[in-house]
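Notes to accompany the following structure.
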């Protein structure tokens, strides 16, 4: 079977499953999404792709944006960045605050919320206007000159993101936030409010399957070793408490968001984005996880 | 450069580094090893290999044996095994007992001590004579009919392994050890006392680079999906608190032991074993980690 | 020896000790205090007292005010209050966030910061103007119609209290803060900024040695059982990580503040306030602890 | 009302309550006790007493014996003892292993299991025959020359006490157990197997209400300051996770055991023992707690 056939078969099989997931409700705006949406899109390194279902409907990419902010900060700071955030899996949500305290405010990795907030702090420090320059960066990566933040989503998070306010102030008290917590959080919530569809998202991630180079013009986003290291981080830390499970069952570097999106990639080969809003108990798209598990089982496309 | 040239160059470069590691002393017998030993051996899927330094000197493989015991238990129980042990990275040593209590005695993964002890309990339950049958299994895997346990090492651990006695009894109190703790621990200490050299170790791991099949006769040790999953587990959990770092810097599935050995593999291609007794603060071979980092940087042989 | 002689002797003995404490610096304004200040004042239930040293110099009572806010909230809510905060010692600072998460936002007791913040939330909910009415309450208790908040101290804390901002928002995210975190914290910082001298402080606490009645006019502040229960809480939880040590060495209910003040009381008999700014590693006045330990050893005035 | 009337009234009131407690079952032998047993006995400092119900039926005193072992070890080592065990409340069962690891094997206090095991280790180190000499000590304290260990109870615990085996070996691995763990645990289980009735138990504790002196002949068991300090420890740490609650509701130093016994004391005045086997969720006698709460409410006999 070629990859189109595999995608079609697995898409239909997965669609037929009972969706046991639940839509995220802690951000009121996210709760308004249509739970039956289900889309998938694959893009290879020549830029060709293939999609199915609601692959052209935009959704809130949420934590998936953390890969873009890490990329930009890594490009600016180089290996110095790891003095501010570690590269280890986080154990459980449960002990995350305990680990922060033990580790003097150094988050376990850049993909848990605490780590992503520290990355935002770095960008606020190094960019004249983080909100604007980060958007320009992602617009360029994704070839989407009109991409923009969703103020509705960002405002909804700002009004309800007590846990993130707590995290940012806690890290500030431990010395690892350099700017005003409110400014850092504003940028953090903006960053998470980006909206893309599956086609756009899979395209935007191609630089990580292509050794750090944009596939459109081979310009360097980040170096090849940096690109590999971000992939390694996605594999070990990209899915919260379920990162081991994803490596185990899917076997690809990837990143999920509470909007129900997941993007994964096979180095030197392709990227794939899948979207279905209802989440499993670990906060990852229920159908998205099932789809990718079946997809890699049938396609033999895994790094292991 | 071909792989022999790379190994030679990296071996010499690494040998020249100041070894900041320290020999493990908590097992008295392990402290007697010569700290200047340094060997490396690579084996490809045709069984050909190339080694340097003390690659033919035997050492205590310790926790590396946990991959063999997991393989045997997985072969016996299939996916049922994951009811007894999880597949997630463990966070830190620090919170391991806390996590065990929260998770009702289900260890985070089969490579931390608690998980490996549960695997031993499974083998004790399902084998008539776990000590004997496990040895036969590894002898077959490694083509070493005379391979044997080191009673000196095992006895030294039995006399000093208070932490493991604590772990096993703690899990027993939480209901996830079915046999007598003393019997389980005796087998656990035996299992960890196996001795191999780098050549033998890299050969013994070839089934995991070969889709679960022995390279000598293509007989199935475990299924291909099982083989991938063990590789995924090695990548996310094979190096204690430093698993993320290893994925990040080396980018290969692997497993380390406190005897100073590390084995890593590149699926469909090769396995490599390296040995140098002094350990870094995370309990992994100081020079071994450096060697593999340089080796994958120069060779471009990483899964990312 | 009568109590005046004991106070004099112990005051001089303690004054002669090398003060190994350090002034609190996390609130910049507190760091400006004169570290050599040392005062003590005892008040009995007829209102007579005896003081020495800098007993008439005002200082920031800080966490000691938590006893007043608890008293007011307890008077308003009665036993219902314990649905919002527990009555158990907190273990260590170290695990306080972990315990909050496990306990769904119910702080371990009303004297750790998280608990005192929840008490402030209760007062904000039940009073028209918490800031004003709480001040009126303490003015009445202490017979000090001109007592006021220190805006300088409160502002200094507001500008630097990241840890408390984190705590309040964390509890909000767990559902146990009902008002806007900023409003609750403003009141919390005001409450902690009250300034009294040793004479005033020991007088203000007499109701707790007098079964809940003001000694001036026998009017009821709280009921007798409530008064006993606050005393029990001070004994088990009044000194952060050192509560057991204080019960063990001093043997009286008491409460300390990072301003270097400590107040303690012997039911049916007397109250005593001591002040010396440098703190021991547990955040309690170094000399204050020494003074009270010696005082109860010589006077035989302990509840045990 | 005099104390006899109060005891009678409260005994009858409490007996009428629905007993929501559950018998401890983790020690099989303890599960065989008659759950309707309910006895109480008070003893004053002249040795006179008054009892009701099953006050003359023996039961397993379990953890209450930890007060005797602490007394003996404190008498031997003096204040040196606190280098091996701390005097702070433990927080929760939940974090006890975490705290042990953070505190390098120093248990939070001598009344949690880890602390009592360290006390046993001290006695094994300092006594020729800990089992024999400890028994002689308690026989003397309690004026019961025929008091003996229950081998049936001790054996039942030895066969099932995996959690305690884990604790002892864990502390051994952290360096705070000096003897062989098996020897220490054997003594620990023997110690907990002592059987007394309420009359005997209340009599045996009179030295702690009497400044450390036996009431029969005024001989010194421990010094007066030591006696006060043990009382303080019972108040802050005597009831596991419910110590604060007991201080709060009962307001007396006391100690409970999983056999359903509780002993409490009012310094300079009396001791009281109560027994009812079913336990509340915190492991303390359900009716015993209710009885003491009512008793101190009616009698005004509390230290606060």
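Only the coordinates and a few stated rules stand behind these numbers; no lab work does. Here the structure is a predicted model, which means the values were calculated and not measured. No Cβ is skipped: glycine too gets one built from the backbone with ideal geometry, and neighbour counts run over all protein chains shown.
The angle between the Cα long axis of helix C:286-299 and the longest principal axis of the Cα atoms of chain C comes to about 50 degrees, rounded to the nearest 10.
The Cα atoms of the range B:160-202 define a convex hull whose projected area, averaged across directions, is 3.9 nm². Evaluating kT/(6 pi eta Rh) at 37 °C and 0.692 mPa s, with the Kirkwood radius of the range A:156-239 over Cα pairs in the Stokes-Einstein relation, gives 214 µm² s⁻¹. For the range B:1-39 versus the range D:139-205, the spacing of their alpha-carbon centroids is 49 Å. Annotation: the residues C:173, D:63, B:114, C:219, sorted from fewest to most other C-beta atoms within 10 Å of their own C-beta, follow the order C:219, C:173, D:63, B:114.
Across identical copies of the chain, residue B:4 has label-point separations of 4.7, 10.1, 10.4 nm, listed in ascending order, with the point defined 7 angstrom from Cα along Cα→Cβ. Plainly put, the range B:4-126 has a radius of gyration that is 1.06 times its Kirkwood radius, both from alpha-carbon atoms, as the Rg/Rh ratio. Axis angle, to the nearest 10 degrees, between helix C:3-15 and the longest C-alpha principal axis of chain C: 80 degrees. Over chain C, the hull volume per residue, using the convex hull of the C-alpha atoms, is 113 Å³. Take the range A:1-68, drop everything but the C-alpha atoms, weight them equally and run the Debye formula without solvent; then report log10 I(q)/I(0) at 0.17 Å⁻¹ to two decimals. For the requested q values the scattering log ratios are -0.82. Under the criterion of Cα pairs below 8 Å and six or more residues apart, the relative contact order for the range B:3-299 equals 29 percent. Dividing the alpha-carbon radius of gyration of the range D:57-124 by the rule-of-thumb value 2.2 N^0.38 Å gives 1.14.
Ordering C:8, A:88, D:29 by the number of other Cβ atoms within 10 Å of each residue's own Cβ, fewest first, gives C:8, D:29, A:88.
Starting from one equal scatterer on each C-alpha and no solvent at all, send me the Debye-based log10 I(q)/I(0) for the range A:202-304 at q = 0.15, 0.21, 0.23 Å⁻¹, two decimals. Log10 of I(q)/I(0), two decimals: -0.56, -1.04, -1.20. Residues B:217, C:241, arranged from fewest to most other Cβ atoms within 10 angstrom of their Cβ, appear as B:217, C:241. A point 7 Å from Cα along Cα→Cβ stands in for residue A:224, and the other copies hold the same point at 2.9, 8.3, 8.5 nm, listed in rising order. The other copies place their residue C:35 label points at 4.1, 6.1, 6.2 nm from this one, listed shortest first, where each point is 7 Å from Cα along Cα→Cβ. With N the number of residues in the range D:32-85, Rg(Cα) / (2.2 N^0.38 Å) evaluates to 1.62. Computed from the Cβ-Cβ distance with R0 of 35 Å, the FRET efficiency linking residue D:75 to residue C:18 stands at 0.65. Estimated purely from DSSP H runs of n ≥ 4, each contributing -39500 (n - 2.57), the mean residue ellipticity at 222 nm for chain A is -14000 deg cm²/dmol once divided by its residues. Remark on the protein assembly as shown: ratio of C-alpha radius of gyration to 2.2 N^0.38 Å is 1.01. Legend: calculated FRET efficiency, residue D:31 to residue D:9, from the Cβ-Cβ distance at R0 = 51 Å, rounded to 0.05, equals 0.95.
Could you work out how far apart the two model spin labels at residue B:183 and residue C:129 are, taking each label as a point 7 Å from the Cα in the direction of the beta carbon, and quote it in nm? Once both label points are built, they end up 7.7 nm from each other.
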